[in-house]
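The values are calculated or read from the model by the stated rules, or taken from the named source; none is laboratory data. This structure is a prediction, so every number in the text was calculated from the model and none was measured. Note that we place each Cβ from the backbone using ideal geometry, even for glycine, and neighbour counts take in every protein chain shown. What goes into the accessible areas is simple: the full protein's heavy atoms, side chains included, and nothing from ligands, DNA or RNA. Shrake-Rupley method; radii C 1.70, N 1.55, O 1.52, S 1.80 Å.
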Amino acid sequence: QVQLVESGGGLVQPGGSLRLSCAASGSIFRLARMGWYRQAPGKQRDLVATITPGGNSNYADSVKGRFTISRDNAKNAVYLQMNRLKPDDTAVYYCNTTPDYGSWGQGTQVTVSS
């Protein structure tokens with residue numbers, strides 16, 4: 001099974017950028033479609049970006065054009081470059097397989113505030 005550790009979150013002003021990292025373990029990582037999810041306070045967890053083993057990506061409308069998902073299969077890692085951040089992007093961000101997910105990692109907090 002895949003184990004996941006997210007990092008790279010922090011406090012940033014609107015319009016700023018952050019790059020999130022997800023370190024994964026497990027022999028099936030290279031075969032798995034990966035996604036970044038986020039959960040804002042009092043709201044459900046939403047899928048914001050996905051990437052196939054071959055590198056094809058998709059994005060939620062709310063982040064399209066601002067976020068870029070990427071992966072390095074040799075390093076068992078997936079990344080999320082977030083640009084032009086908005087207060088509505090504030091959430092705990094998680095990575096996992098998609099559409100079928102396993103156990104969740106601890107997530108990483110992203111706070112966008114002036």
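Miscellaneous remarks
- For the chain: relative contact order, % (alpha-carbon pairs under 8 angstrom, 6 or more apart): 37 percent
- Net charge in the neighbourhood of Gly15 (other residues with Cβ under 10 Å of its Cβ; Lys, Arg +1, Asp, Glu -1) is +2.
- Straight-distance crosslink candidates among lysines, where the alpha carbon sits under 25 Å from Lys43 and sequence neighbours closer than 8 are dropped: Lys64, Lys86
- Under 14 Å, Cβ to Cβ, from Gly105 - net charge with Lys/Arg +1 and Asp/Glu -1: +1
- Note: relative contact order over region 1-60, using C-alpha pairs below 8 Å and six or more positions apart, is 25 percent.
- Of the solvent-accessible surface of the chain, computed with a 1.4 Å probe over protein heavy atoms with every protein chain present, carbon and sulfur atoms account for 45 percent.
- Mean Cα-pair separation over length for region 75-114, i.e. relative contact order, pairs under 8 Å, 6 or more apart, %: 44 percent
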